[in-house]
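Notes to accompany the following structure.
The values are calculated or read from the model by the stated rules, or taken from the named source; none is laboratory data. Keep in mind that this is a model prediction, so the values were computed, not measured. Cβ coordinates were reconstructed from backbone atoms using ideal geometry, including for glycine residues, and neighbour counts include every protein chain displayed.
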Amino acid sequence: MLLTITTTRTPATDLSYLLHKHPGKLQAVELSQGVAHIFYPHADDDKCTVALLLDIDPIGLVRKSGEGGPDSFTLGHYVNDRPYVASSFMSVAIARAFSTAMNGTCQKRPELVDVTMPFEVTISVLSAARGGELLIRRLFEPLGYAVTVEQYVLDDNFPEWGQSKYFTVTLKADLKLKDLLSHVYVLIPVLDNEKHYWVSQQEVEKLLQKGERWLRDHTEKEQIIKRYLRNIGGLAKNALARLTDDAPEGSAHDDGERDIAKEKLHDKRLKVVLDELVSSGSNTVVDLGCGEGKLLKMLLREKQFKKILGVDVSYRTLEKAARRLVFDEMPPKQKERIEIMQGALTYRDKRLVGFDAAAIVEVIEHLDLNRLKAFERVVFEFAKPGTVVLTTPNREYNELFETMEAGTMRHTDHRFEWTRVEFETWATDVAKRNNYSVSFKPVGDVHERVGAPTQMAIFKRKVDGNEE
Ligand code: SAH
C-alpha cells in the first residue's frame, strides 16, 4: 500500500524540510501492526516526491486484535484486503511518520509551514465501500482538489462480476502541506468505512483536532463524522454538537443533550484548572484521579510542564487514557514528559512526592466520607505539592439541571455532593491543618442564588508561614 506526495514548487526539495525527513535516507517507522517505510523516489529542484509504503503484518493483525485463537479461526481473519488498501492503518502511519508536519511545525524552516504549494497525492489502492467514485469526489472536491479516479474490476477474467470497491486516486491542489495531511488522515478511513480499532471518545478528539481547520465548513460534514465514528450515534452527535457549538450548558432535555451539556462543563472546568496550573508557574504536575486523561492531554500541549504524571485507581480508565493520549503516535520527546500509573489516593505513595502542583478534578466526591482524612494526609501531609487545584460539584446548583430528580446526585458513583459552605469549611480546615493557604473560585455560569455548577479550591503551601 503506497501513498505518494509530489510538489513541483521550486526548490521542490523544501518538501523534505517540511516533512522532517532527509531525501537521501530510507527511513522506517515501527507501527503496532507493521512497518511504514519513507523514501523519496524523486528529489531535485523541480520535482520532489515522497513515498509512504505501508507493510502490514496480516498475521500480527489478527493476533493483536484478539480475534485469533483456536476457537475463532476463519479464513477471513487472515485473508482479507487489510494489508493492501489505504485504511485507518495508513492514517496511523501518516500521523507517526509525518507528525511534525501535520502539527504545522518546522524547526529549520518555519516559514515554509504556511506556504501554499502545488501538490499531487496518489493513493495506490483506496477502498471506497458504499459510496464509490461519487463519494471520493464529494469528500475531496469541496476541499479544492482536482480528483482523478481509476476503478478496478473485481476480476479481469470474469468481467460479468463487475466493478470492485477499489480505486487508484490522484488528488491535485494548491494548499499547505499540513492541511493536505490532515485531509488524507481523516478521509481515508472515512472512505474505507472499516476501522481497525474500537471507536471511543478518543476518536472524537482526534477527528476534531485533525479536522479543526476545515471540517466545520465541509458540505459532507455529517457524513464524514458519522463514517469516521462508524455510525455510533452518541459519539457522532457529540462531535457534531461540538463542531457547531450550539449546546446550551445545564439546560438539557433528553439524555443525549444532557451528556453534551455535561461534556461542555467538563471542558470548561479543565480549562479553568489548566489556567490555574499554568499561572502557578509549576513545571511538574500530577493529576490525581486523572480519569480518561483529558487534562493530561491539555497539560502536554503546554511546554511549561516538563514532567506530567496521571494517577488513577481504575486500570480500565487508565487504558482509555493511554488511548486518548494516542501513545502509539506520540513523538519520543513528548513521551518522555508524561507517565500514567495506577494508584490510590488514600494510601501513602512515594511516587506522588516532589511535584510542584497537583490537580484533583472531580475526585473527592468518589471517596467515602470516612476516607477523606486518609486522602488529606496522603496529599497534603505526605506528597505536599506547592499548589493543589481541587474541584467538586456544588450541590446547590443541582436544582437547575432539569432532568435531575430532587435529592439525587450527578453520578451514581458519587458518595456525597457538598454545598458551598460545606466545601469551603472542609477546605479551610485542611489548609489550616497542613500549613496551606486556600482561595475559592466558581467554575461555569454563576447563578445569583445557587452559585456555579462546579466549585474550585486553590491551595498554596506556605513556607515558614508564608505562601510559596
Ligand atoms: N479527573 C478526571 C476524572 C474524574 S472521575 C476528570 O475530571 O475528567 C473520578 C476519577 O477518580 C475516576 O477516574 C476514578 O477512577 C478515580 N478515583 C476514584 N477513587 C479513587 C482513589 N481512591 N484513588 C485514585 N483514583 C480514584
*Which residue pairs have Cβ atoms under 9 Å apart, sit 6 or more places apart or on different chains, and have a first residue in the stretch 284-301 that is not assigned by TED's automatic domain parsing to the domain that holds A322 and a second that is more than 6 Å from the ligand (Cβ to nearest atom) and small (G, A, S)?*
none
*asked:* I'm checking my understanding of the structure. Among residues of the stretch 353-374 that are surrounded by 22 or more Cβ atoms within 10 Å (Cβ to Cβ) and not in a strand (DSSP E or B), which one is nearest to the ligand (Cβ to nearest atom)?
replied: I364
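Is there a residue in the stretch 41-52 that is assigned to a loop (DSSP other than H, G, I, E, B), free of Cβ contacts under 8 Å to residues at least 12 places away in the same chain and more than 22 Å from S124 (Cβ to Cβ)? Don't jump to the end; show me each part of the working.
Let us first name the residues in the stretch 41-52 that are assigned to a loop (DSSP other than H, G, I, E, B), namely 44-47.
Right, trim to free of Cβ contacts under 8 Å to residues at least 12 places away in the same chain and you get none.
No, the stretch 41-52 contains no residue that is assigned to a loop (DSSP other than H, G, I, E, B), free of Cβ contacts under 8 Å to residues at least 12 places away in the same chain and more than 22 Å from S124 (Cβ to Cβ).
Which one is farthest from the ligand (Cβ to nearest atom), of the residues in the stretch 328-339 that are basic (K, R) and modelled with pLDDT of 85 or more? Lay out the reasoning, then the answer.
Just the residues of the stretch 328-339 that are basic (K, R), to begin with: 333, 335, 337.
Restricting the remaining residues to those that are modelled with pLDDT of 85 or more gives 335, 337.
On the way: K335: 21, R337: 19 Å.
The qualifying residue farthest from the ligand (Cβ to nearest atom) is K335.
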*Give me a count of the residues in the stretch 295-327 that are within 7 Å of the ligand (Cβ to nearest atom) and touching a strand residue (DSSP E or B) at 6+ places or on another chain (Cβ under 9 Å).*
5
*For K373, indicate whether it is more than 11 Å from L288 (Cβ to Cβ) and free of Cβ contacts under 8 Å to residues at least 12 places away in the same chain.*
yes
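Kindly indicate whether E405 is more than 15 Å from the ligand (Cβ to nearest atom), of a type in the set (D, E), touching a Leu at 6+ places or on another chain (Cβ under 6 Å) and farther than 18 Å from S439 by Cα. Even if it seems obvious, please write down each step before you answer.
On the way: more than 15 Å from the ligand (Cβ to nearest atom): yes; of a type in the set (D, E): yes; touching a Leu at 6+ places or on another chain (Cβ under 6 Å): no; farther than 18 Å from S439 by Cα: yes.
When the stated conditions are applied, E405 does not pass them.
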*Identify all residues within the stretch 378-415 that are modelled with pLDDT under 95 and touching a helix residue (DSSP H, G or I) at 6+ places or on another chain (Cβ under 6 Å); write none if there are none.*
T403, M404, D413, H414
*Which residue pairs have Cβ atoms under 9 Å apart, sit 6 or more places apart or on different chains, and have a first residue in the stretch 261-280 that is in contact (Cβ under 8 Å) with a residue 12 or more places away in the chain and part of a helix (DSSP H, G or I) and a second that is hydroxyl-bearing (S, T, Y) and more than 12 Å from the ligand (Cβ to nearest atom)?*
A261/S251; E276/T387; L277/T387
